[in-house]
There are 2 protein chains.
Amino acid sequence: MERLLGFREFYPEPLPSKDAWSADARTHVFDQWRRVARQYGFREYDGPPLEPLDLYTAKSGEEIVGQLYNFSDKGERQVALRPEMTPTLARMIASSQRNYPKPIKWFAIPQLFRYERPQKGRLREHYQLNADIFGEKDPAVDAELIALMIDTLRALGLTADDFVVRLSSRNAWQDYFNSRGGKAEDTYAFFQVIDKLEREKPEVSAERLQAIGFSLEDVQRFIQEARPTEELGSILSNLSARGLGSFVKIDYNVIRGLAYYTGPVFEAFDRVGELRAIAGGGRYDNLVKLLSGGKVDLPALGFGMGDVVLMELLRSRGLLPAFQSGIEVFCSIEDEVRRPETLALVQALRDARRTVEYPITPSKSDKQFKRALELKARWIVQVDSAGVKVKDLTTRQERVMSVADFLALAGGTQGGLSTLVPLTPSL
Amino acid sequence: MERLLGFREFYPEPLPSKDAWSADARTHVFDQWRRVARQYGFREYDGPPLEPLDLYTAKSGEEIVGQLYNFSDKGERQVALRPEMTPTLARMIASSQRNYPKPIKWFAIPQLFRYERPQKGRLREHYQLNADIFGEKDPAVDAELIALMIDTLRALGLTADDFVVRLSSRNAWQDYFNSRGGKAEDTYAFFQVIDKLEREKPEVSAERLQAIGFSLEDVQRFIQEARPTEELGSILSNLSARGLGSFVKIDYNVIRGLAYYTGPVFEAFDRVGELRAIAGGGRYDNLVKLLSGGKVDLPALGFGMGDVVLMELLRSRGLLPAFQSGIEVFCSIEDEVRRPETLALVQALRDARRTVEYPITPSKSDKQFKRALELKARWIVQVDSAGVKVKDLTTRQERVMSVADFLALAGGTQGGLSTLVPLTPSL
């Protein structure tokens, strides 16, 4: 019973095959995402992975609707596996925002789904860090959000040599559109041409632009000049004050596909330019009002960062940490008579928050030693008549002490053994 | 666009309403689950939330099949949102077990789904800690798994006064069944009656037992006597050696509904007996062979612990931690001229892994102070011409120092500020 096409299994390292997905790498990325979001004062939320289909067809961009993983459930409800988090979030915010001081800063790590024709490397699910801010129109908030996006990538070891945030604005394009006499009803069609500019043949874009009264040459000149609007200038200087200026550039090629964006928009790309966008987002000041039926009107902005492109980038840069079992102490048993006392010691060490392994069934000494080495344990401990024999596997030094002394040494998360053995990180 | 019936939204604390689900409480429970599983040397894995329907209908217990959240997808595939993790896990193990030394100890925290008639408190999704061990038949492994189950509950603050693990065995019941001359074809029917004994009217159970040649009285006597088999005795003494004896008792009322169990089975219940089982599991030595089409034969055992009953229990015992924003430093801005320098300080502190908030837009001093108190920040820091003014909000003491000195104090995760301000836990 093979798994469905486009869905992943995540295995513990060392991986069983070259193309298996690593659960440890996923943990590493999620841990960094969470850590940095929390340092920025973002609070975690979550919503249902299954939603009424209307939540997406009614208000979202058309791009997403064609790829929905939707179906009719046993109760004849039209439902969909969530393709994005923003509509769920906007609903949650509309119903609960009175409870929270503004600006509201929230993040989530949802698994998202789309039903695409299967191709190599095109998955039907992925994880995405979503971070959003509600209740503030000032560009200082856009800067705070972009800074978070940059810092989550930096936390994973990426530098300004690895990626750049291309900053643009729906407002800049709207001004351009108006200044060239565009008609209101052509606005979204115009934005769609801009969105596809880099992927489409020039003559196709030129033709489409001409049909609504624009010239490709003029559009390209506008992109070339890349003059920041006042709003974008304010975001740039805010980021520069943080020392993050080198991570951002104005790039009007970016406009974002989804219909609901209203202001600054941005995407993070690898500098080599071999991958799709690592992350992207922007302002969507009207969506909460739309989704709440006009009841709640809150300015909003957010970004999403998927795990698939990011993982490719980290792997290609050698930035995924090497496998660690996390085992700190291996309690060996040479004489089976000592098993009950050893189990008591294992329990006491785990109670003291140590990560402990032991021979779960009788096994030869050399096999136990080999296993302790495989697990990269720092200490081998053995109960004997004198107390415990403690061997440091890095220095190969041995000491004998009483069980009580060893437990005192190993006890607690703050001191004791942790001053000798640094607590291993989650990976 | 309301959410679907039986699905939850998770909000940051303080919660917007009395019956809202807390994302912070979820994080707290997941963090403890992960921490203890890792201390036991379990490695994390994950699989797809959507699977081919056959994975469940072919091999699992009938109880689960009737409640499946299944549908036909756009490609006419019969698929189901996973109702349990074990079939996915058995498939992953069958395909990858050669890669890992035995016993293999794995855990996951999947979200699981079932399509039940909506009732108060009956959800259509929940989260479940799944921990499993493969490749070892010895009861010492059952004891290791049960110890993990007990310790995850202890990590959440529950004691032997709060819960008990009821230990039983399919083998004990099989021996009973054989000794009373049961016919092989009635085995599963017999197990089903035992499974429902506590919920069913005695006369109904009596009738069903009589139909296959058993007497309710004799069955009740067997349960009453609760004599441990050799295997169960071995598990009990292993747990006693760890000091966990008071958490377990033999209770043959437990047999577990799913068809695939083969040996010891167990369930954790609250002592008051007002809730459904907190966790449950057992041996399923044949499932890997069945699901791998006979290719891989590995003994196996595991347990699942859901979040819903557990959360109820923790709430009723007052064991959910109070809300903490996690903010360590609030950087206030009295004079807007200082904003760029303050942004630089915010960035430097976050780079040093501090959790930092600041007035994202200009705001009055008293409002900033109020906000810092709301967030329960430990320090308020303000950049001025002399350097930084640092105020400890617990002692209300103020100090002035250079920005460099403050950064040296705040820098790093090991020393500095962390010796004054303990790193706040994730919640």
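Below, the figures for the structure above:
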{"read-out": "Helices (runs of 4 or more DSSP H) fully within region A:197-307 counting 2 or more residues that are in contact with a Leu (Cβ under 9 Å, 6 or more places away or on another chain) and modelled with pLDDT of 95 or more", "value": "A:202-211, A:216-225, A:230-241"}
{"read-out": "Filtered residue count, region B:107-133, keeping only those that are touching a helix residue (DSSP H, G or I) at 6+ places or on another chain (Cβ under 8 Å), assigned to a strand (DSSP E or B) and under 27 Å from A:Leu50 (Cα atoms)", "value": "8"}
{"read-out": "Hits in region B:389-405 (condition: without any contact (Cβ under 8 Å) to a residue 40 or more places away in the chain and either assigned to a helix (DSSP H, G or I) or not assigned by TED's automatic domain parsing to the domain that holds B:Arg354 (or both))", "value": "B:Ala404, B:Asp405"}
{"read-out": "Any hit, region B:121-133, residues being surrounded by fewer than 19 Cβ atoms within 10 Å (Cβ to Cβ) and acidic (Asp, Glu)", "value": "no"}
{"read-out": "Enumeration of residues in region A:24-53 that are farther than 16 Å from A:Val309 by Cα and of a type in the set (A, V, I, L, M)", "value": "A:Val36, A:Ala37, A:Leu50, A:Leu53"}
{"read-out": "Options B:Val219, B:Val141, B:Val193; residue that is among the β-branched types (Val, Ile, Thr), touching a strand residue (DSSP E or B) at 6+ places or on another chain (Cβ under 7 Å) and surrounded by 13 or more Cβ atoms within 10 Å (Cβ to Cβ)", "value": "B:Val141"}
{"read-out": "Residues that are facing another protein chain (nearest Cβ under 8 Å) and in contact with a Ser or Thr (Cβ under 7 Å, 6 or more places away or on another chain), drawn from region B:82-113", "value": "B:Pro87"}
{"read-out": "Number of the exception - B:Gln192 against (1) modelled with pLDDT of 95 or more; (2) outside any loop (DSSP other than H, G, I, E, B)", "value": "(1)"}
{"read-out": "B:Arg315 being farther than 30 Å from B:Val141 by Cα and within 14 Å of chain A (Cβ to nearest Cβ)", "value": "no"}
{"read-out": "Only one of B:Leu89, B:Leu5, B:Leu81 that is crowded, with 19+ Cβ neighbours inside 10 Å and closer than 30 Å to A:Phe42 by Cβ", "value": "B:Leu81"}
{"read-out": "Residue list for region A:273-310, filter: touching a residue at least 40 places away in the same chain (Cβ under 8 Å), within 20 Å of A:Lys102 (Cα to Cα) and of a type in the set (D, E, K, R)", "value": "A:Arg283, A:Asp285, A:Lys295"}
{"read-out": "Flag for B:Ala147 being in a helix (DSSP H, G or I), in contact with a Leu (Cβ under 8 Å, 6 or more places away or on another chain) and at the interface with chain A (Cβ under 8 Å from one of its Cβ atoms)", "value": "yes"}
{"read-out": "Count of residues meeting criterion [in a loop (DSSP other than H, G, I, E, B), at the interface with another protein chain (Cβ under 8 Å from one of its Cβ atoms), under 20 Å from A:Glu125 (Cβ atoms) and modelled with pLDDT under 95] in region B:29-74", "value": "2"}
{"read-out": "Selection from region A:346-360 of residues that are in a helix (DSSP H, G or I), over 20 Å from B:Pro103 (Cβ atoms) and in contact (Cβ under 8 Å) with a residue 12 or more places away in the chain", "value": "A:Ala348"}
{"read-out": "Members of region A:189-230 that are among the basic types (Lys, Arg) and over 19 Å from A:Gly280 (Cβ atoms)", "value": "A:Lys201, A:Arg208, A:Arg221, A:Arg227"}
{"read-out": "Single unsatisfied condition, A:Arg77 versus (1) touching a strand residue (DSSP E or B) at 6+ places or on another chain (Cβ under 9 Å); (2) facing chain B (nearest Cβ under 9 Å); (3) in contact (Cβ under 8 Å) with a residue 60 or more places away in the chain", "value": "(3)"}
{"read-out": "Odd one out for A:Arg3 among (1) touching a Gly at 6+ places or on another chain (Cβ under 8 Å); (2) assigned by TED's automatic domain parsing to the domain that holds A:Leu89", "value": "(2)"}
{"read-out": "Residue tally, condition assigned to a strand (DSSP E or B) and in contact (Cβ under 8 Å) with a residue 40 or more places away in the chain, over region B:367-387", "value": "6"}
{"read-out": "Condition check for A:Ala155: assigned by TED's automatic domain parsing to the domain that holds A:Ala58, surrounded by 23 or more Cβ atoms within 10 Å (Cβ to Cβ) and in contact with a helix residue (DSSP H, G or I) (Cβ under 6 Å, 6 or more places away or on another chain)", "value": "no"}
{"read-out": "Residue within region B:158-174 that is in a loop (DSSP other than H, G, I, E, B), aliphatic (A, V, I, L, M) and closer than 30 Å to B:Met92 by Cβ present", "value": "no"}
{"read-out": "Odd one out for B:Gly326, checked against (1) farther than 30 Å from B:Asn130 by Cβ; (2) touching a helix residue (DSSP H, G or I) at 6+ places or on another chain (Cβ under 6 Å); (3) in contact (Cβ under 8 Å) with a residue 24 or more places away in the chain", "value": "(1)"}
{"read-out": "Hits in region A:86-142 - residues which are under 30 Å from A:Glu230 (Cβ atoms) and under 18 Å from the mean Cα position of the chain (by Cα)", "value": "A:Thr86, A:Leu89, A:Lys105, A:Trp106, A:Phe107, A:Leu129, A:Asn130, A:Ala131, A:Asp132, A:Ile133"}
{"read-out": "Enumeration of residues in region A:3-28 that are outside any strand (DSSP E or B), facing chain B (nearest Cβ under 7 Å) and in contact with a Ser or Thr (Cβ under 7 Å, 6 or more places away or on another chain)", "value": "A:Pro16, A:Thr27"}
{"read-out": "Per-region count, region A:198-241, residues closer than 30 Å to B:Arg338 by Cβ and touching a residue at least 12 places away in the same chain (Cβ under 8 Å)", "value": "10"}
{"read-out": "Filtered residues of region B:320-360 (kept if surrounded by fewer than 16 Cβ atoms within 10 Å (Cβ to Cβ), modelled with pLDDT of 95 or more and under 27 Å from B:Gln32 (Cβ atoms))", "value": "none"}
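The values are calculated or read from the model by the stated rules, or taken from the named source; none is laboratory data. Source: prediction; values computed, not measured. All Cβ positions, even for glycine, are placed from backbone atoms using ideal geometry, and neighbour counts span all protein chains on display.
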